[in-house]
Amino acid sequence: MLLLVRGEPRVGLVSSDKGATELLLKSVRGNFKFVPLEIGSAATPSFPSADFDAFILVFGEPPETSVRFFAECIEAVPHIPILGVSSLDSTHVVELLKCGMADHLAPPIDSDLLKRKLIRMIQHEPGTVLESALLDSLPRMPISAPAKPSLRKCARAPVPVGSPAALKVLDHGVHLKIVDLSVPTHDAPGGLCAEADPAASKQLPVAQWANKAMLSVQIQLPAHVSPQIIPARARVVRTLPSPSQALRLGMQFWLDRMRDEGLLQRFWLKCHVTNRTRTAAKTGRGALPA
């Protein structure tokens, strides 16, 4: 039995080959919700990024159009993993993988292997899914194991008033204040509390967000910490009471770029140290060791 993270994942299928499209649809029937998409000059900007868990891109002949589409896709929606299906030579496949393609499958299509590759991409799991004696010594992805629970594994750090951080929800152009923060760990996504002022709260599609839709967001740390924008994906898991009339949202988030992990960890640690120092000053016990 194949167990997935969130019900029936939505997979965008991008192919100009009707035969390949029909074959792929039959291969994973019942496990994924496939949405056929066409390559076009305006295709990528129209992708509703929060609605897809993965893309399958079938490289056509000639492959240049598919490669351009791939380049546009990883620029517009970098958080959505892409499985390439092609007969390209290994040199080009390696370059595509180095540039952001999550996985690759060469024809003829093995339906079981296709399912396993899609699940590995969507669950962000390591390990091989290929049945091969050559790879027996490598770790296996637990395809039949239940998905790991999304639980926080590290303490929240209140964001100090003097070091404000913000969250921009790209899908709606909304800016929220980050009240507290926990960083992603090996076993769990990051967590944060985002606050909207009373006026903005009335404009937010809270009911839609509370349905755990995946949102494209940007995390903005204080300028004196880093001027970089951190792209991420997030979903609302609960609404929280607030001391004022502001709306607070408890959210989980996943970073789009591995290189941002260290930057976020440093800010999280600074928040902890600042709060511990202020607490020590108020109690008159002196600074606590960092």
Decide, for segment 10-135, between rounded, prolate and oblate: order the square roots of the alpha carbon gyration tensor eigenvalues as a ≥ b ≥ c, take rounded if a/c falls under 1.5, and otherwise choose prolate if a/b is larger than b/c, else oblate. rounded
Rounded to two decimals, what ratio of Rg to Rh does segment 97-136 give with C-alpha atoms and a Kirkwood Rh? 0.96
Suppose we keep just the alpha-carbon trace of segment 157-283; what are its Rg and Dmax in angstrom? 14.4, 44
Relative packing of 261-268, 10-17, which averages over residues the other C-beta atoms within 10 Å, highest first: 10-17, 261-268
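Coordinate-derived values only; no laboratory data. Please read these numbers as outputs of a predicted model, since none were measured by experiment. Cβ atoms come from the backbone with ideal geometry, glycine included; neighbour counts cover every protein chain shown.
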